[in-house]
Amino acid sequence: MLVDDQAAFRTVARRLLESDGFLVIGEAADARSAVRAAGELAPDVVLLDVRLPDGSGVDAARLIRDVERPPVVVLISTADYAHAVNGCGAQGFIPKGQLSGARLRAALEADPALGSDLP
Amino acid sequence: MLLVVGVVFGVLAERTQQLAGRSWPVMIADILGGWAFLVAGMLVWGRRPGNRCWWLLMAAGISWFVGTLWATADEVVSLIGFAFGGWHYLFMVWVLLAFPTGLVPLLRDRILLGVLVVLSTVRTLGRLFLFVPPDGTGCDCAPNRFLPITDPMWFDAAESLYMWGYTATILLALISVAVRWSGSSRPGRRMLAPVLSAGTAVLAGQAYDRLNQSHEIVDVLTQEGMFYVLVLLRVIAAAAFVFGLWRLKGSRSAVADLVADLGPDAASPAPLEAALRRALGDPTLVLLPWSPAAGGYVDDHEQAVALPVDDGRRAITRIERRGVPVAALVHDPALLEDPGLINGVVAAVRLTADNERLRDEVDRQLVEVAASRSRILDAGDAERRRIERDLHDGAQQRLVTIGLALRLTEARLGKDADPQMRSDLVQAVKDLGEAIDELRDLAQGIHPSILTEAGLAAALESLADRAPVPVHLQVDLPDDVAPPIAATAYFAVAEALTNIAKHARAATVEVLASSRGDRVEIVVVDDGVGGASESAFGSGLRGIADRVAAVGGSMRVHSPAGGGTRLELSLPCE
């Protein structure tokens, strides 16, 4: 699932990831929608922008951990938020400019639950 | 000029005495008796030309020599000396009553002076028109030239009236001065003491004249001895007047001492009152400041008080500035006898009040400036955050999206795609990536989002990670460092690391951030070449110093040549 307030970015990112074999099952434009969609859609992975219009993606990541079937969260941003990963239970951080299937795959490989299911 | 005239006049007058057969010691004593007052008058004039006492003293000196002229051979001059010989007493009593201001404020004293003028005039007229010289029995007085009077009765009556009237009036004048003295406080008595001694001299002189004319003196030596005593007393009196006025000069100095004594605490009433008491020598003095809030004068406890009645036992001096009350002094009335002293004190108190007002004004303006600087800093930080957010949400986001789109396009190019096109696309993606990085660094430099979202410790870690020189970071900070303080500390460390990278040629840098009490302490130490002086600071570090000062902190730089550079910041937590 993709969470970013910029529709153009979500569109390009979806096409980029899907071209690399990922399936994007949903999108959200703000933190509240992201938490709700994570509960409803039960994605395996949520690419979560840190700076969202209604709050911090870091806070949203903590809430997403509490959904019934918590997904792996990877933070994305144009700024450097690598430091925020540990505090919210995210799996990793990818600068938006470097987003690609390979980069996402590398971030997820550290999770043993996903390692075998990665495209 | 007046002194020269007086001295020459005295010498000429004594010359007539010499011709009349007077002895040298008597003549010298006589000339001293006149010159003493001439010199005293000149000294007073030199020190305090605005004080009228100087011309009274000179008049007393010159008129002393007038009486000496009677012995000259010239009939007219002799008659002048005979007729006007006693007027020097008038001027002595006058200066006695007018001391120390030269004015005669009391009605009783003005009446006494008027009586003396009348008596002196009566005597002069009597000597001019009523005197009948003895009939060739050896008297060498000038004959009456104006009226055909042969009976000496009227002349004797006029002389007796003058003698007894004058003696009584001088006694009353002395009593008046004594009353002034007894009713005065310590400073007043100190001021009037010379006047009393001068008055005694006048009385002794009068007694001498009285005895001299009573025909009871049979011993010439006794008569001369009395004359020497009289001259000595005149010299003492002249010196006493000068000393008294000189002491007033000392009182002025006391005002100067008062001004110097008005230290930083003197603006409050109690120390100021103590300083005034010391300066004026009046332990009973009370200072009552004016309170606009109370609408009146207040005491030590800020309680409104009514001023006592100005009844002669206590005097009240109101101090105002442009018609607005400042304070009131309740003091001994004797202090009013030296208006210069009171005026000086009033000026000093007004000066103190002005100083206090200006100090309050400066303090208030400093508080306003500090608050204004803080507001400017906050506004600047808010603007930085807005610009950074605009960059992040706008240009950065669009460029990132374009970059992704180009990469997607590149990925979708078929194997048979134009190699040049593929190469151009790859280069465009690469250039765009660099542009995005530069834009991110720019936004980060404007305002590090990490500072707002993760706090100072994380922001410093981020700085250390990105620094071109290895940084050993040690952070022990609370989570609730106020945003302006955190931003100041962050930008200071960022600027220091930038300078180190540019100039220090350091191998390692140590950054220590800790809290001590209610202060945040930041230390940045490098092992570089040192030698950085404050004047050599770049505008960046000077800006940081201004920022540190604006939040109430302090900054120190120690940079000995060859010994590295140590930057220390101490900032309030809030």
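Values quoted throughout were computed directly from the atomic coordinates according to the rules given, and no laboratory measurement underlies them. Not measured: the values here are computed from a predicted model. Please note: Cβ atoms are built from the backbone with ideal geometry, for glycine as well, and neighbour counts cover all protein chains shown.
Please sort by residue number the trypsin sites (Lys or Arg not before Pro) in the range B:380-454 whose DSSP state is loop and whose Cβ has at most 11 other Cβ atoms within 10 Å.
B:K415
For the range A:76-82, take each phi angle, set θ = phi - 60°, evaluate the Karplus expression 6.51 cos²θ - 1.76 cosθ + 1.60, and give the result in whole Hz per residue in order, putting x for glycine and proline.
10, 5, 6, 8, 7, 10, 4
Answer with one residue from B:V326, B:V345, B:V367: the one whose Cα lies farthest towards the positive end of the charge dipole of the range B:299-386, charges on Cβ with Lys, Arg +1 and Asp, Glu -1.
Checking the options against the dipole of the range B:299-386, the answer is B:V367.
Restricting to DSSP H runs of at least four residues, report the calculated mean residue ellipticity at 222 nm for chain A, -39500 (n - 2.57) per run over all residues, nearest 500 deg cm²/dmol. Numbers along the way, then the final one.
Details: 6 runs with 48 residues, N = 119.
After summing the helix terms and dividing by the residues of chain A, the value is -11000 deg cm²/dmol.
Considering only DSSP states other than H, G, I, E and B, which GluC sites (Glu not before Pro) in the range A:1-108 qualify as loop sites with at most 14 other Cβ atoms within 10 Å? Walk me through the intermediate numbers first.
Numbers: sites: A:E18, A:E27, A:E40, A:E68; in loops: A:E68.
Listed in order of number, the matching sites are A:E68.
What is the local net charge at B:V525, summed over the other residues whose Cβ is closer than 10 Å to its Cβ (Lys, Arg +1; Asp, Glu -1)?
-3
Let me check I've understood the local charge: for B:A443, count other residues with C-beta under 12 angstrom from its C-beta, Lys and Arg +1, Asp and Glu -1. What total comes out?
Its environment carries a net charge of -1.
Which whole number in µm²/s is D for chain A by Stokes-Einstein, with the Kirkwood Rh taken over Cα pairs at 4 °C and 1.567 mPa s? Please list the in-between numbers first.
Working: Rh = 13.8 Å.
The calculation lands on 94 µm²/s.
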